[in-house]
Amino acid sequence: MVARMLVCMVFSPFLLGVIGKTKALFAGRKGPPYLQLYYDIFKLLQKGSVYSRTTTWIFRAAPLVSVTAVLVAAFLIPLGSLRAPIQFWGDVILFAYLFGLARFFMILAALDTGSSFEGMGASREAAFSCLSEIALFLNFAVLAVLSKSFSLSGMIGACSWFSWTTMRPSLVLVDLSCFMILLVENSRIPIDDPATHLELTMIHEGMVLDHSGPDLAFILYAGAIKFFVLGGFLITLLLPFHFYNPAMGTVVFLLGMVFLAAAVGVVESAMARLRLNRVSTFIIGSFVLASFGLMIALARAF
Amino acid sequence: MLLGLDMALAVIVILAICLLGAVRLGSIIRLFVFQSFVMATIPLMLGGEVHIHKLVIVLGTVVLKVIFIPTMLFWAVRHVSIRRYAPGFFGIGANLLLGGFLVGLSFFLSSGIVLTEKPFSDLLIPSAFSTLFIGFLLLISRTKAITQVVGYLVMENGIFLFALLLLETTPLLVELGIFLDIFVGVFIMSIVINRIQNEFDHTDTSRLTAPEGEKG
Amino acid sequence: MIFFILGLSLFGGGLAFVLPKNGMRNGVLVCVALVHLLCMASFWIIPLPDVRGSFLALDQLGLLVLSVVSTLFFVVSIYAVGYFRGEANKSNRMLIGCLLCFLFSMTLVTVSQHLGLFWVAIEATTLASAPLINLQRARQGFEATWKYLMICSVGIALALLGTFFLAISAIGFKTLLLRDLLSHAVSFSVPWLKLSVIFSLVGYGTKMGLAPMHTWLPDAHSEAPSPISALLSGALLNCAFLGILRIGQVCNAAGQGSFFGSMLTLLGLISMGVAAVFISGQSDYKRMLAYSSVEHMGILAVGIGVGGMGLYGSFFHMVNHAFTKGMLFMTAGNLYQYYHTKRSRDVTGVLRTYPWTGGLLTVGFLAITGMPPFGTFLSEIQILSAAVDQRHYGVAFFYLLFLALIFVSMATIVLRMVQGMPRQACAPKKNRESILAVVPPLFLALIVLMLGLYVPPFLDGAFKEASQLLGS
């Protein structure tokens, strides 16, 4: 279990580096090094924080809460063939709402600064996460119908080669929908541009404008872990194999994660950011795909 | 082979849903082309021997819906230099949700229908109904003439899926007749759209003048 | 022989596209129409051999519709030559070519015995008649053409779906030939058959002009030039009616006749009601005639739906209505050419200025609203008595109510047009009414009058046989 947490904590910033390199490759540049995020976090940890006079304890607590919540969520997910240390009936709801808790505190911290830019980012984040949570839950519903269990480990663990052959349309739809939700939750293009710091165009970046030093380091790290966790969810869903040798399984899993990061990089390079009123259409589209998968699953199950 | 059929049917419905979300004329026509191409490969996935009848249908669909009709449609909109925003009445989000609802409705309807012979895939009838309903929704919710034509063609795609159940019943002559009808129909529609474009400088059917003497 | 009649019209159409001069094309039109008429007459005298298992054959229902189509087409073609004489400098290639293709497709409809081929033919009629609507490229005509194309194509697509459902319900037999369908009908799967009936009724009902799918009809029939309107109302609607009759045949053979009948009666009554509402206060006289077509299609539907004597009444009414409506549209065409306006308020004192046209207008109005001694009176009374016989008192009540309402509305419009002094502002030029403009409508009016007084035995026998086919 310790190994599992180590893998999770150490490996996640590397994925964001992969994304950056892929985008650079498409643009014909060399791009930042793979370990860039490690350097950034290390650098920020050594700096001091500047706190505005309008902020309260929420502003200082939010980065800590978000990192902790996401790390706890990482405990609930089976990664590759590593089983989840904590599993119980209904842990999906805890999973989704741990993310919700992190998001809640981030929004509050953004509002805490009293600046209009953060407020704008916060309101957008709140609106889009409302829609994406519904889509996420619908995906969970499909998986619950398919695997007849209401625990994350049961849902994902039940995906084997057999279920791929019988339930392929549903699973493909769930995968597509989850990929779209991954893009939404991690503020990737086409939802939000992580590279721009134009206040009017960003959602996530807008909320963290005023954080500095270790706080910013924690927030960046939380973002990386979030990507790792959600991506891990998706990859474990996609990989139909079960390896009895945990090392082998982990290696394949990590390879899959790198591949996913590269895929996200490709999507980011190929598309432009959507206009804000089209973002809701995007999320509704993912919702409709998930509902279609649900209908197929229900039709097959009964 | 049958799993390929399932995936193809699901892709057809997914594309229909994407059509509901598309706003630009170019993307609408391209999505339709992709959907027709997937539809054309389905007779080959049904199992059974591949004889001339099936081959002719596959070839006919490809030639008609992937090559000829899109050419005509693109020709008809060539003067529309700004491929404009054409969302329709309710707005895209509501359209998408309505499309999802219609897909659910078609699943519900199909569960109540009993066939004497088992169909090739249990997804066939729901996806046929879904494509039909979504094509109809596309037709009535949009005001641009080209999107209405594409909606009609998507409806025809849905009906084609039903025809797959009847491959032995409908003689080849009738199938060819249906293809010919669709071709000439779209041909005439394209010419009318072209004339409307020339006369009015737009193809928005809600803005064509109402005939005189309209009462109520 | 059937191939000859089909090939003739198709060849004529091709010829019309190729010939260089207007006059030659007119000649082709009239000749083809005449030969078509003679062929059709020969079918009455020498009954066609029953070709088993063939796609093309002429049964009694088809023969009735074909006779109506052929006669009307011949009369209208003569009228059209005179009507379009004023535009002799414009090429009538499109007009004549499309007219003859239209004739070809309608003939194909009447002889199809395979429901799939029937569908192809009906769609072909839509496509052949669409270019004819906006022949003069007027601005208002575009909306009419677009509505006609889209609504009819969508309706017919639904009818195709209905045809496929019928084939699915008969899936054990793998056939869509009418003959085979009728003989095996009792073993069809009922839910699929009902679904098929619903979709086919909606689909072919759209083409026929039954409400609430009639929305294309007022625009298309009023914007088209009058000879085209006459053909659309008189011939094309009856072809769609044939589609509904075929479905009815299969239904009755499968024992679902009451389901079919009740749905059809409902659609018919709704059509009559909608027509009654929209005719009152109508300011465009051609639109009024178009709504009247909706009403009469409703009457046909009610007749078939009620059954019994209503079947005979419906077939009789189909013939009457086709000729009367054709005559009325031709008269309306004359009015438009004299007064250059479609508003009924601007047309007054027709009887004084153009006695023949005024007389025809009055006679046509009386005929279309079902006054004795015209044939329409007999047919409408037959349908009414059939409804009462079967104790459908509600149906009979609404039927009478709508007929009365329509009579009153049309009377106000038409009589105001016909009587009174001609207005000085719209004083028409004092032209003599040309022979070609008067004789065709007069001829049709005489036929309708004669049918009201005396139904020739061959027609009587034909109606009875047709009712038998529909399983009375």
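Just so it is clear, none of the values below were taken in a lab; they were calculated from the coordinates. Nothing here was measured: the structure is a model prediction, and the numbers come from that model. Glycine also receives a Cβ, built like all others from the backbone with ideal geometry; neighbour counts cover every protein chain displayed.
Brief remarks on what is shown
- Counting only residues at least eight positions apart within a chain, or on another chain, the aspartates and glutamates with an alpha carbon under 18 Å from that of C:K286 are B:E212, B:E214, C:E143, C:D219, C:E223, C:E295, C:D346.
- Nearest 10 degrees, 0 to 90: helix C:190-208 Cα axis against chain C principal axis: 10
- Ranked packing of B:96-102, C:335-341, C:458-464, most packed first, by mean Cβ within 10 Å: B:96-102, C:335-341, C:458-464
- Built amide H within the under 5 Å cut-off of C:D284, gap 5+: C:S344
- Links that overshoot a 28 Å alpha carbon limit, given the list B:K65/C:K207; B:K54/C:K147; B:K65/C:K147; A:K47/A:K226; A:K23/A:K148: B:K54/C:K147; A:K23/A:K148
- When B:V114, C:V30 are sorted by how many other C-beta atoms sit within 10 angstrom of their C-beta, beginning with the fewest, the order is B:V114, C:V30.
- Tensor-based shape of the range B:2-205 (alpha-carbon gyration tensor, a/c under 1.5 rounded, otherwise prolate or oblate): oblate
- Computed label-point distance, nm, for sites A:L6 and B:E199 using a 7 Å Cα→Cβ extension: 7.9
- FRET E, pair A:R168, C:V186, Förster distance 41 Å, beta-carbon r, rounded to 0.05: 0.45
- Selected from A:A122, A:T54, A:A102, residue furthest toward positive end of dipole (the range A:50-157; charges at beta carbon): A:A102
- Spacing of the modelled spin labels on B:F37 and C:V35, each 7 Å from Cα toward Cβ, amounts to 4.8 nm.
- Inter-centroid distance (Cα atoms) of the range A:259-302 relative to the range A:1-80, Å: 25
- Efficiency of FRET between C:V18 and A:A27 - r from beta-carbon atoms, R0 56 angstrom, step 0.05: 0.40
- Taking chain A and dividing mean pair separation by its residue count, relative contact order in percent (alpha carbons under 8 Å, at least six apart): 31
- Taking the average, over residues, of other Cβ atoms within 10 Å as the packing measure, peptides C:134-145, C:389-400, C:240-251 rank C:240-251, C:134-145, C:389-400 from highest down.
- Residue pairs, from the table A:K21/A:K43; B:K144/C:K325; B:K144/C:K174, whose Cα atoms sit over 32 Å apart: B:K144/C:K325; B:K144/C:K174
- A simple spin-label model places pseudo-atoms 7 Å from Cα toward Cβ; at A:L276 and B:V184 they are separated by 5.4 nm.
- Here the contact order of chain C, divided by its residue count and restricted to Cα pairs under 8 Å and six or more residues apart, works out to 15 percent.
- The C-alpha atoms of chain A define a longest principal axis, and helix A:246-270 lies at about 60 degrees to it.
- Lys/Arg +1, Asp/Glu -1 at C-beta; the protein assembly as shown dipole; positive extreme among C:I156, B:A94, C:A130: C:A130
- Take each residue of peptide C:109-121, count the partner chain Cβ atoms within 10 Å of its Cβ, and average: the result is 3.
- Averaged over the residues of peptide C:168-175, the number of Cβ atoms from other protein chains lying within 10 Å of each residue's Cβ is 4.
- Cβ neighbours within 10 Å from other chains - mean over C:160-167: 6
- R0 of 25 Å, Cβ-Cβ distance C:I46-C:M450: FRET efficiency to nearest 0.05: 0.55
- Estimated 222 nm signal from helices in the protein assembly as shown, with DSSP H stretches of n ≥ 4 weighted -39500 (n - 2.57), rounded to 500: -24500 deg cm²/dmol
- Ascending count of other beta-carbon atoms within 10 Å, so fewest first, for A:H204, C:H296: A:H204, C:H296
- Rounded to the nearest Hz, the phi-derived 3J(HN,Hα) couplings of the range C:388-403 under the Karplus curve 6.51 cos²θ - 1.76 cosθ + 1.60 (θ = phi - 60°) are 5, 4, 8, 6, 8, 5, x, 4, 4, 4, 5, 4, 5, 4, 5, 4, where x marks glycine and proline.
- Listed residues C:A220, A:F42, A:L239: farthest to the positive end of the dipole of the protein assembly as shown (Cβ charges): C:A220
- Fraction of alpha-carbon pairs over 47 Å apart in the protein assembly as shown - percent: 39
- Ordering of B:187-198, A:137-148 by packing [mean C-beta count within 10 Å, highest first]: A:137-148, B:187-198
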